[in-house]
Amino acid sequence: MISAGHIAAVRFGLGPRPDQPPVAGGPEEARAALLAQLAAPPDQAMPPRDWEQEPSVADGLAIQQLDTRNPLPPGTPNRRVAFYTAEAEAYFARLIGTPTPFRERLVAFWANHFTVSRREGAVFVLAGDYLRSAIRPHVTGPFAGLLKAAIRHPAMLLYLNQNSSVGPDSAFGRRSRRGLNENLGREILELHTLSPEAGYSQEDVTEFSRLLTGLGVEQARDPRGTVFRAANHQPGEKTVLGKTFPPGEDSIDAALEWLASHPATHRHLARKLARHFVADDPPPEAVERLHGVLRDTGGDLGAVSRELVSIPEAWDPPLGKLRAPFDLVLAAFRAMGAGPERAEMAVNSLNPLGQPLWSPIGPNGWPDRAADWIHAEGMMLRIDRMHMISGVFSRRDAREALDLTLGPLASEPTRLAVMRAASNREALTLLLGSPEFQRR
Amino acid sequence: MSGHLPRIGRRGLLLGLSALATLGRSRLALGAGPEGDSRLVVVLLRGAMDGMAAVQPYGDPELVGLRGPLALPEPGQEGGVLDLGGFFGLHPRLPKLHAMFGGGELMPIHAACGPTRSRSHFEAQDLMESGAEQRLASGWLNRALAGLPGHEEGANRPGFAIGADLPLILRGAEPVGMYAPARPDRPSPDLYARLLELNHADPLTGPAVAEGLRARGFTAGVVPPPEQRGGFVELAAAAGRLMAAPGGPRVAALEIGGWDTHNAQQNRLRSVLAQLDDGLDALRLRLGPAWGRTAVLVMTEFGRTARVNGNDGTDHGTAGAAFLLGGAVAGGRVLADWPGLAEGRLHEKRDLAPTLDLRAVAKGLLRDHLGLPEAAVAAAFPGSGSIEAKTGLLRA
């Protein structure tokens, strides 16, 4: 195992910064530093531009309503787009500088597991709070807590149409002749918890969707946010995979907790974690170790995160995963020692690389295998973008950046190419465009 | 004829005097502009241009022996260099510069070097742009802006960087403008080639880079497609357009890479020299009447080895060539104190020896062209007291 500090910074972090060099010492020191990040107090609040405090769900929904009721003159950007932009830049300012990049990698992983996308308009005004209140506080807690927080957040309820799902036999359903929308119910079972391998049926999906009815979002008046509308709730017991739940709001949390503790859920999460942090096709032993921890702790995400850094396959071989554009862009800006003022450029760098922030195509989120990201023009666009970044930071010493970011992970050809480049900027482009830098 | 030329000693002999006789009327028509309206453009050739290829001393009897396949035929022969007055010849891919020479507007400079004796691109470029023998946090052209006569706080920014990057030469306390064309700033064909080389063995990124380059029209030899060749030409034309306007920027810097010709030098140089030639001519055309008040200094961080290496290329050397051109330049001659290429004359037995510090040329331009007071010239080039500003660079 060579340079555990470098491996830790790229595999579990967002890449080193000049003020956050790789941890010196061996694997023990590197592991201890990662675990310390998990135990560290939360990063300080970083309100978006023009906000004194971090905005709430109610703030976001109010902005959306204002846009609908009092649209700005044509040609003026929507308020919600301006708000989204400020939120996105605040998020990236945090990521560029965060001293707890392992924690933020987990935040990004779980946010992708519980995908919400700007393809549903309301997410523009809710994504910032979603990360702040539904994801970040829960990434080292019980999975049930994360699941409940994510599912109950207005971003998720609106993205997966739960707000328009009505129990057909509820008071409102009978009056309005409206009915179920199974979108959220199906994705919870398929993507967030059990996965299809658990063998649930369409009837399970329908029953679970009935169980979720009533859960919705108050968008029009204070207090704006998640609500339970008893008049929309399907009466009667519901049976999901043989487990029966009584009618009422309490069954929603009860069902989510039950799903969170299901063995199929633990296997599903273990596979996804291993694919993200270990390898595209993770060794079964690695998956099994993670699964074992989730099973034995009842889904403790802190415990499974700590286990991740102990899996030998997560350290060897190094650089086994291709960096998705999100990781690549952040690693590049961090390598350059960028300050928060570069957040806008960093966020915008995701667009040409095919991973625009908070905009995955479907509820299954961004893919997590190299084959899904590597293609010819995409690779050229990566190189072009890295060249653009090297132009902005052309005074950043390329040899220092090489030692900082790759150190002994750099191949001899990469080291020579950087050393022998015809200018510092070209050396930076070669470093950021090297095969090693494309990996983590 | 070269064999009859005397060995040229350290006398600052100006070659190509005969060309002065050919000056046309254009020089008179352009004339000098109003006081304080002169323009200075600095073009940085990053990667170390081979001065002996760009400005070949075909009259030096040692040349062919040292250069072998890299030595081009003498003037008048097929593929021969373009004569600069009997001893030096311009690379045949610089025909527009040669026409400027004929018009008295180009002064090639040879056996010149910046303030470095390092053969590291990074260090040498930094020192060339710092204008000092150690790295400084600001560039000499930025410091020069502070001393521009008539320069007032808060007035239009007289200095401009053309391109996506602010080079060190223009960094510093004086605010400068930046102009970059909307077209994305992509790596040069040469840099793409290096990236391909770096990635080619990788099972994931290698095929993707190779296929991506092919799809963009690069062939196996990474020859740039026509639309990719124009980068520098476009930048230079933009510089000309901006600086042509009355009250426009007076000082600009731009750069062009692709000079680090360790192998297959003949091929690599042809393309990049043609870009330089086209670009400088585009600058001239776009400047219009302002060309008459313009001086352009084209320089590189160091020259390359006197001898050809084992790959038909050259390695990092010391002295090399530079160009001074513009309607304000007293051109039509070569500025060189030629040290000769005989074994004993080479610097460390391998490089063309430097006989001119380019800071002398730059100081001359700041003083006589931009009209900087002596103190401001000294502030632009700290610690260069022993290097006297060159006189006679500009038309009277």
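The values are calculated or read from the model by the stated rules, or taken from the named source; none is laboratory data. Here the structure is a predicted model, which is why all the values come from computation and not from measurement. Neighbour counts are summed over all protein chains in view; Cβ atoms, including those assigned to glycine, are modelled from backbone coordinates with ideal geometry.
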*Of the residues B:145, B:141, which is of a type outside the set (S, T, N, Q), buried (at least 21 other Cβ atoms within 10 Å of the Cβ) and in contact with an Asp or Glu (Cβ under 6 Å, 6 or more places away or on another chain)?*
B:145
*asked:* Against the condition in a loop (DSSP other than H, G, I, E, B) and either closer than 23 Å to residue B:357 by Cβ or touching a Gly at 6+ places or on another chain (Cβ under 7 Å) (or both), how does residue B:115 come out, does it pass?
replied: yes
*Looking at (1) more than 9 Å from every other protein chain (Cβ to nearest Cβ); (2) in contact with a helix residue (DSSP H, G or I) (Cβ under 8 Å, 6 or more places away or on another chain), find the lone condition where residue A:362 falls short.*
(2)
*Is there any pair with a first residue in segment A:367-396 that is more than 7 Å from chain B (Cβ to nearest Cβ) and a second that is assigned to a helix (DSSP H, G or I) and charged (D, E, K, R) whose Cβ atoms are under 6 Å apart and which are 6 or more apart or on different chains, and what are they?*
A:368/A:275; A:390/A:425
*Say we look at segment A:416-429 and pick out the residues that are among the aliphatic types (A, V, I, L, M) and without any contact (Cβ under 8 Å) to a residue 24 or more places away in the chain; which of these is surrounded by the fewest Cβ atoms within 10 Å (Cβ to Cβ)?*
A:416
*asked:* Any residue that is of a type in the set (A, V, I, L, M), within 9 Å of another protein chain (Cβ to nearest Cβ), in a helix (DSSP H, G or I) and in contact (Cβ under 8 Å) with a residue 40 or more places away in the chain - is there at least one of those in segment A:406-415?
replied: no
*Counting only residues that are more than 13 Å from chain A (Cβ to nearest Cβ) and more than 18 Å from the chain's Cα centre (by Cα), how many does segment B:115-141 have?*
5
*Assess whether residue B:305 counts as being in contact (Cβ under 8 Å) with a residue 60 or more places away in the chain and within 18 Å of the chain's Cα centre (by Cα).*
no
*Of all strands (runs of 3 or more DSSP E) completely enclosed by segment A:157-266, which ones contain at least 2 residues that are surrounded by fewer than 20 Cβ atoms within 10 Å (Cβ to Cβ) and not basic (Lys, Arg)?*
A:225-228, A:243-245
*asked:* Looking at A:210, A:224, can you tell me which residue is in contact with a Leu (Cβ under 7 Å, 6 or more places away or on another chain) and under 30 Å from residue A:63 (Cβ atoms)?
replied: A:224
*Under 9 Å by Cβ, and 6 or more places apart or on different chains, what pairs join a residue from segment B:204-217 that is more than 7 Å from chain A (Cβ to nearest Cβ) and without any contact (Cβ under 8 Å) to a residue 12 or more places away in the chain with one that is outside any helix (DSSP H, G or I) and not hydrophobic (A, V, I, L, M, F, W, C)?*
B:206/A:435; B:206/B:200; B:207/B:200; B:217/B:224; B:217/B:225
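Quick grid of which residues meet (1) at negative phi; (2) at pLDDT 95 or above:
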site: B:340; (1), (2): no, yes
site: B:349; (1), (2): no, no
site: B:353; (1), (2): yes, yes
site: B:356; (1), (2): yes, yes
site: B:365; (1), (2): yes, yes
site: B:379; (1), (2): yes, yes
_Take residue B:43 and tell me if it is free of Cβ contacts under 8 Å to residues at least 60 places away in the same chain and either assigned to a helix (DSSP H, G or I) or not polar (S, T, N, Q) (or both)._
no
*asked:* Being more than 26 Å from residue B:55 (Cβ to Cβ), at pLDDT below 90 and among the aliphatic types (A, V, I, L, M) is true for just one of B:146, B:182, B:137. Which residue is that?
replied: B:182
*Identify all residues within segment A:361-403 that are assigned to a loop (DSSP other than H, G, I, E, B) and either over 17 Å from the mean Cα position of the chain (by Cα) or of a type in the set (S, T, N, Q) (or both); write none if there are none.*
A:364, A:374, A:375, A:393, A:394, A:395, A:396, A:397
*Report, ordered by the first and then the second residue, all pairs with beta carbons closer than 7 Å, sequence separation of six or more or different chains, a first member in segment A:312-326 that is within 14 Å of another protein chain (Cβ to nearest Cβ) and touching a residue at least 60 places away in the same chain (Cβ under 8 Å), and a second member that is among the basic types (Lys, Arg) and assigned to a strand (DSSP E or B).*
A:319/A:439; A:321/A:439; A:322/A:439; A:323/A:439
*asked:* So the check is Cβ under 6 Å with 6+ separation or different chains; which pairs have a first residue in segment B:163-177 that's within 14 Å of residue B:44 (Cβ to Cβ) and within 12 Å of chain A (Cβ to nearest Cβ) and a second one that's among the hydroxyl-bearing types (Ser, Thr, Tyr) and in a loop (DSSP other than H, G, I, E, B)?
replied: B:165/A:394; B:171/B:138
_Within segment A:8-29, does at least one residue satisfy the condition of being among the acidic types (Asp, Glu), touching a residue at least 60 places away in the same chain (Cβ under 8 Å) and either assigned to a helix (DSSP H, G or I) or on the phi < 0 side of the Ramachandran plot (or both)?_
yes
*Within segment A:430-439, identify whether any single residue is touching a Leu at 6+ places or on another chain (Cβ under 8 Å) and surrounded by fewer than 21 Cβ atoms within 10 Å (Cβ to Cβ), and answer yes or no.*
no
*asked:* I'm told residue A:389 meets every condition in (1) more than 20 Å from residue A:276 (Cα to Cα); (2) surrounded by fewer than 19 Cβ atoms within 10 Å (Cβ to Cβ) except one. Can you identify the failing condition by its number?
replied: (2)
_Members of segment B:115-139 found to be farther than 16 Å from residue B:167 by Cα and small (Gly, Ala, Ser), listed by number_ = B:118, B:120
*Neighbours by Cβ (under 9 Å, 6+ apart or cross-chain): first from segment A:217-237, β-branched (Val, Ile, Thr); second assigned to a loop (DSSP other than H, G, I, E, B) and crowded, with 17+ Cβ neighbours inside 10 Å*: A:217/A:122; A:217/A:224; A:226/A:153; A:227/A:214
*Just name the residue that is farthest from residue A:137 (Cα to Cα) out of those in segment A:38-82 that are modelled with pLDDT under 90 and hydroxyl-bearing (Ser, Thr, Tyr).*
A:76
*Which numbered condition residue A:354 fails, given (1) within 14 Å of chain B (Cβ to nearest Cβ); (2) more than 17 Å from the chain's Cα centre (by Cα)*: (2)
